[in-house]
1. Using square roots of five times the C-alpha gyration tensor eigenvalues, list the equivalent-ellipsoid semi-axes of the stretch A:104-169 in whole Å, biggest first.
2. For the stretch A:59-148, what are the per-bin percents of Cα-Cα distances with bins 10 Å wide, up to the bin holding the maximum?
3. Please check: in the Gaussian network model of chain A (C-alpha springs, under 10 Å), which one of A:76, A:143, A:119 has the largest mean-square fluctuation.
4. Counting only helical runs of four or more DSSP H residues, what would the 222 nm mean residue ellipticity of chain A come to if each run contributes -39,500 (n - 2.57) and the total is spread over all its residues?
5. So what is the relative contact order of the stretch A:148-198, in percent, for Cα pairs below 8 Å that sit 6 or more residues apart?
6. How high is the relative contact order of chain A, in percent, with contacts defined as C-alpha pairs under 8 Å that are six or more residues apart?
7. Take the Cα atoms of the stretch A:5-103, build their convex hull, and give its volume per residue in Å³.
8. Across every pair of different alpha-carbon atoms, what Kirkwood hydrodynamic radius in Å does the stretch A:130-197 reach?
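Since every read-out is calculated from the coordinates, none of them should be taken as a lab result. Computed from a predicted model, the values in this text were never measured in an experiment. Cβ: placed from backbone, ideal geometry, glycine included. Neighbour counts: every protein chain shown.
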DNA sequence: CCATTAACTGGTC
DNA sequence: GACCAGTTAATGG
């Protein structure tokens with residue numbers, strides 16, 4: 001979701017800066033805001049009982065988070081942590097609903113956004129259920145690529161570290177590293193230095 | 001530069 | 001594949 005900044009400000013959106021590794025909200029907090037990223041990156045994560053991190057998603061410029069919780073009264077299911085210096089516009093939930101009333105076009109777009117997220121989420125879950133690490137990586141990259149505009153082969157840059165890919169897929173870094181090499185041999189992906197193109 | 005972070009390798013279970 | 005240990009390469013102040 002990407003809403004015009006002027007409108008966000010008009011309805012009480014405020015700019016907030018976070019430094020690297022700062023917690024924006026924690027799992028279990030009451031959901032009170034809509035967040036839209038102006039610059040930087042944010043990860044949504046949880047930790048399992050062994051303390052192992054699982055990243056649900058990594059969002060960048062012009063992407064939003066916290067929005068699936070705007071229409072229901074639930075607690076955040078994940079933490080949100082900035083990966084680098086990040087600037088967001090934060091808008092209180094009630095103002096957001098008010099804004100939707102005044103801007104039906106945004107409301108419609110919101111529906112489309114949530115639908116698309118659900119759609120790709122189901123694809124993700126399907127691929128993540130696979131035992132084959134190649135399918136897991138490919139599923140993740142298909143998901144990431146869905147946000148991307150270009151349509152050429154192997155031109156989508158995966159802006160993630162091997163560790164982040166591991167935390168997103170539930171694999172170990174070493175497995176990711178070895179699987180990436182297999183996929184290069186398969187011609188599924190291409191490397192430019194360490195950067196992956198899919 | 002040096003220090004930190006990321007990528008890689010090899011071996012055990 | 002996970003998990004552990006150790007090495008090398010890249011990054012950034």
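1. Taking √(5λ) for each Cα gyration eigenvalue gives 24, 16, 11 Å.
2. Going out from 0 Å in 10 Å bins, the stretch A:59-148 shows 13, 37, 36, 12, 2 percent.
3. Greatest mean-square fluctuation among the candidates belongs to A:119.
4. Details: 6 runs with 75 residues, N = 198.
Roughly -12000 deg cm²/dmol at 222 nm, from the helical runs in chain A.
5. 43
6. Computed over chain A, the figure is 21 percent.
7. Hull volume normalised by residue count: 87 Å³.
8. For the stretch A:130-197, the Kirkwood estimate is 12.0 Å.
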